[in-house]
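Student: For reference, the structure I am asking about is given below.
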Amino acid sequence: MNFLSRYALYFAWIVSIVATGGSLYMSEVLGWIPCDLCWYQRIFMYPLVLLLGIATFRDDREIGKYVFSLAGIGILISSYHILVQQVPSIGGMLKCKVGIPCSQDYLNWLDGLITIPVLAFIGFFLILIFTWLSRKEAE
């Protein structure tokens, strides 16, 4: 039992809190309007704060089946969103109903390497890894 496996649920919960807080900060404080794909990613990230919080305090390492489904779908949406932003021909085909195109880059670090969908992908990926480590610890 190593440190990372022992506290993996805590780390997954912290990642979900940071991702949720970051998305709310970007939309509510900075005034960045989320596109449709951003909303879908939020739909799959926000419940993870509650699920992982309860699992952390109850030390319920069997939460993985719920977390894997939410984070797995979230990572697929994030992957598609990254493609929409990075491949212009895909981005031009989408018509967003909110008024903000899904190819919009509010955040563009390292010449487009780090964007909001990339951060969401990293968040979902870390949650999957930490939850998997937590389940391995329980076995």
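The values are calculated or read from the model by the stated rules, or taken from the named source; none is laboratory data. It should be emphasised that the depicted structure is a prediction, and the values quoted were computed from it without experimental measurement. All Cβ positions, glycine included, derive from the backbone under ideal geometry; neighbour counts span all protein chains shown.
Student: Taking the condition of being more than 13 Å from Cys38 (Cα to Cα), at pLDDT 85 or above and out of contact with any helix residue (DSSP H, G or I) (no Cβ under 8 Å at 6 or more places or on another chain), how many residues in the stretch 66-105 meet it?
Tutor: Result for the stretch 66-105: 1.
Student: Follow-up. Considering every residue within the stretch 81-94, establish whether at least one is surrounded by fewer than 14 Cβ atoms within 10 Å (Cβ to Cβ), small (Gly, Ala, Ser) and farther than 23 Å from Leu4 by Cα.
Tutor: yes
Student: Inspect the stretch 15-35 for any residue being touching a Leu at 6+ places or on another chain (Cβ under 7 Å) and either within 19 Å of Lys136 (Cβ to Cβ) or at pLDDT below 85 (or both) and give the result as yes or no.
Tutor: Yes: one or more hits.
Student: Leu4 versus (1) closer than 22 Å to Lys136 by Cα; (2) modelled with pLDDT of 90 or more: which is the lone unmet condition?
Tutor: Against the list (1) closer than 22 Å to Lys136 by Cα; (2) modelled with pLDDT of 90 or more, Leu4 comes up short only on (2).
Conditions (1) aliphatic (A, V, I, L, M); (2) within 15 Å of Phe125 (Cα to Cα); (3) assigned to a helix (DSSP H, G or I), marked per residue:
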position: Thr20; (1), (2), (3): no, yes, yes
position: Ile33; (1), (2), (3): yes, no, no
position: Tyr40; (1), (2), (3): no, no, yes
position: Pro47; (1), (2), (3): no, no, yes
position: Gly72; (1), (2), (3): no, yes, yes
position: Leu76; (1), (2), (3): yes, yes, yes
position: Ile82; (1), (2), (3): yes, yes, yes
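Student: Criterion first (within 17 Å of the chain's Cα centre (by Cα), β-branched (Val, Ile, Thr), within 16 Å of Val118 (Cβ to Cβ) and surrounded by 15 or more Cβ atoms within 10 Å (Cβ to Cβ)) does Ile77 satisfy it?
Tutor: Working: within 17 Å of the chain's Cα centre (by Cα): yes; β-branched (Val, Ile, Thr): yes; within 16 Å of Val118 (Cβ to Cβ): yes; surrounded by 15 or more Cβ atoms within 10 Å (Cβ to Cβ): yes.
The answer is yes for Ile77.
Student: Right, next: Report every pair of residues separated by at least 6 positions or lying on different chains whose Cβ atoms are under 8 Å apart, first residue within the stretch 111-137 and farther than 12 Å from Ile82 by Cα and surrounded by 24 or more Cβ atoms within 10 Å (Cβ to Cβ), second of a type in the set (D, E, K, R) and at pLDDT below 90.
Tutor: Qualifying pairs under 8 Å: Ser134/Arg61.
Student: Which members of the stretch 3-37 meet the condition of being exposed (fewer than 12 other Cβ atoms within 10 Å of the Cβ) and within 12 Å of the chain's Cα centre (by Cα)?
Tutor: The answer is Gly21, and nothing else.
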